[in-house]
1. Only bridges whose two residues both fall in chain A count here: according to DSSP, what percent of them are antiparallel, nearest 5?
2. Which cysteines in chain B lack any other cysteine whose Cβ sits under 4.7 Å from their own Cβ?
3. Under 4.7 Å Cβ to Cβ, no partner at all: give me those cysteines from chain A, in residue order.
4. Using DSSP H assignments, which helices in chain B have an axial alpha-carbon span of 30 Å or above and a mean Kyte-Doolittle hydropathy of -0.5 or higher?
5. For chain B, what does the helix formula give at 222 nm: sum of -39500 (n - 2.57) over DSSP H segments with n ≥ 4, over the residue count, nearest 500 deg cm²/dmol?
6. Can you grab the distance from the C-alpha centre of segment B:310-388 to the C-alpha centre of segment B:240-300, Å, no decimals?
7. Roughly how large is the A-B contact in terms of buried accessible area, totalled over both chains, probe 1.4 Å, nearest 100 Å²?
8. Could you state the accessible area per residue of chain B in Å², with a 1.4 Å probe and every protein chain left in place?
Amino acid sequence: MTKNASTTGLYTKKAIKCFTNPKNYGRIKNPDGIGKVGNPVCGDVMWLYLKIGKKGRKEYIEDVKFETFGCVAAIATSSILTDLVKGKTLQAALKIDNQKIVKSLGGLPPIKLHCSVLAANALKKAVEDYQKQKEKKKSK
Amino acid sequence: MIKRGTKYYFDYAAATPVDPRVIQAVSFHNKNYFGNTMSLHQFGQSAKNILETSRAIVAGLIKANPEEIIFTSSATESNNLALKGVAEANHKKGKHIIISQIEHPCVMESAEWLESQGFEITRLPVDKYGLVSLAALKGAIKSDTVLVSIIHASNEIGTIQPIRAIGKICRAKGVYFHTDAAQSFGKVPINVVKDNIDLLTASAHKMYGPKGAACLYVRKGVKIEPILHGGGQEKGLRSSTVNVPAIAGFAKACEICGREMSHESVRLIKLRNGLIQGVLKRIPNAYLLGHTRKRLPNNINFRFDHVEGESMVVQLDLLGIAASTGSACSSAKLEPSHVLLALGLKHEQAHGSLRISLGRWTKKSEIDYLLKVLPGIINKLREISPYK
Ligand code: FES
């Protein structure tokens with residue numbers, strides 16, 4: 001973890017980059033799914049918006065955006081998660097767990113690992129929300 | 001023009017740079033006065049002389065007698081000694097101790113430990129500016145109260161307590177009054193006699209001295225037991241070989257602060273108020289924490305809605321600016337600062353705190369630079385935040 005340490009010491013260069021230049025932040029109007037999660041450890045909040053598209057019979061993430069009120073790690077993991085899942089099928093996207101997120105940041109300080117769980121949970125919730133909405137429409 | 005790679009230090013409350021005159025004093029004494037003050041020979045005795053001269057200088061800054069200064073290694077040690085030492089020496093009289101809810105962790109934790117040892121602790125609340133109520137203090141003192149320990153100036157929000165009035169109440173009730181003056185010592189005038197103080201904690205590294213040198217003022221006649229036992233240095237109250245060079249540096253730092261205090265505080269208050277007004281004008285939903293007037297000349301603490309402190313601190317750090325926060329995310333326990341919660345702030349409000357502390361080398365141009373970049377940082381983080 002100490003290698004690649006940025007000027008701020010605690011974080012990898014990659015994490016700092018994702019934090020200072022986050023991708024895909026903001027809102028999606030009329031999203032197909034929203035995942036709103038709070039971090040039970042420190043009280044931070046992340047909202048994830050999904051737009052689902054269809055390729056043949058497969059559903060994939062056409063667009064994804066996040067809004068996060070939290071620390072450097074929370075923002076960096078939010079950003080990298082959206083990067084990782086964009087364009088992926090739902091199935092593939094759901095395979096991305098917090099370990100993968102942490103790995104793609106080149107690591108996180110141990111005390112900040114809980115922040116990456118936030119992002120993974122937000123995704124799960126957003127997909128769940130999407131599926132629930134779909135069921136509702138079907139049953140109408 | 002601000003050069004790239006320039007560093008802006010706004011964290012004087014955490015540690016001050018060591019004044020070059022102090023560095024010189026420390027290394028001079030390291031070279032020439034390495035002797036052990038307990039040794040009988042000239043090396044020991046000359047070091048002992050330096051120690052006693054230093055003691056007199058440190059005492060002079062707060063109008064204490066030299067014999068009333070006990071040198072320690074840190075404010076944490078001094079506070080531990082004050083609380084545990086007084087508790088131990090006076091437990092026959094009573095087992096009740098009063099502190100405030102906004103003490104430094106070393107007082108909070110010492111009190112908690114004493115609680116586990118059968119002492120009763122009252123933690124006085126503060127108002128939204130961080131001030132304890134004198135009436136509440138009066139009401140809290142009981143017949144078995146032995147000590148009141150209230151921080152002079154808050155390390156986080158800079159609020160200065162009315163210690164003279166607090167001391168008066170304690171004196172009238174026959175209860176010892178200790179104050180942790182780590183942040184205020186050398187920055188605002190303190191007179192232990194007029195302020196009715198029985199014990200006072202001070203540390204060198206918050207006032208341009210070296211780390212590892214601190215002291216506890218113990219008024220003559222106060223009953224206190226040591227927490228370190230050994231060779232009996234410092235009147236038996238603090239056994240350990242005395243760190244003479246660091247203490248000589250501490251004394252030098254006191255000498256400089258004593259000379260420059262009145263002048264320097266006027267300068268700092270001007271810079272401080274300029275920064276406060278500038279930020280509140282430029283950034284919406286920004287609030288000053290602590291008291292507007294009853295605060296340290298060098299302390300500023302803001303709170304910004306909907307942004308998190310660690311994010312702010314790291315963004316600033318990337319621009320070469322050093323500041324700090326009371327946000328849960330940046331604490332080792334992932335809990336928000338107890339001081340901010342004591343002000344009545346909600347968890348998510350404490351999240352957005354940013355402490356900026358100034359000092360001897362803070363220039364107007366640095367304040368201007370901070371004022372220039374801070375709005376952009378807050379804006380960007382608010383754009384990312386779900387709450388707007
Ligand atoms: S979200 Fe609070 S520590 Fe990371």
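1. Roughly 95 percent of the DSSP beta bridges within chain A come out antiparallel.
2. Unpaired cysteines in chain B: B:Cys106, B:Cys170, B:Cys215, B:Cys254, B:Cys257.
3. Cysteines lacking a close Cβ partner in chain A: A:Cys18, A:Cys42, A:Cys115.
4. B:244-282, B:364-384
5. Result for chain B: -13500 deg cm²/dmol, rounded to the nearest 500.
6. Value for the Cα centre distance between the two parts: 18 Å.
7. It comes to approximately 2200 Å² buried between A and B.
8. Roughly 41 Å² per residue, with all protein chains present.
The values are calculated or read from the model by the stated rules, or taken from the named source; none is laboratory data. Since this is a predicted model, take the numbers as computed values, not measurements. Here the Cβ is made from the backbone with ideal geometry for all residues, glycine too, and neighbour counts use every protein chain on show. Only protein heavy atoms, including side chains, enter the accessible area calculation; ligands, DNA and RNA are left aside. Shrake-Rupley method; radii C 1.70, N 1.55, O 1.52, S 1.80 Å.
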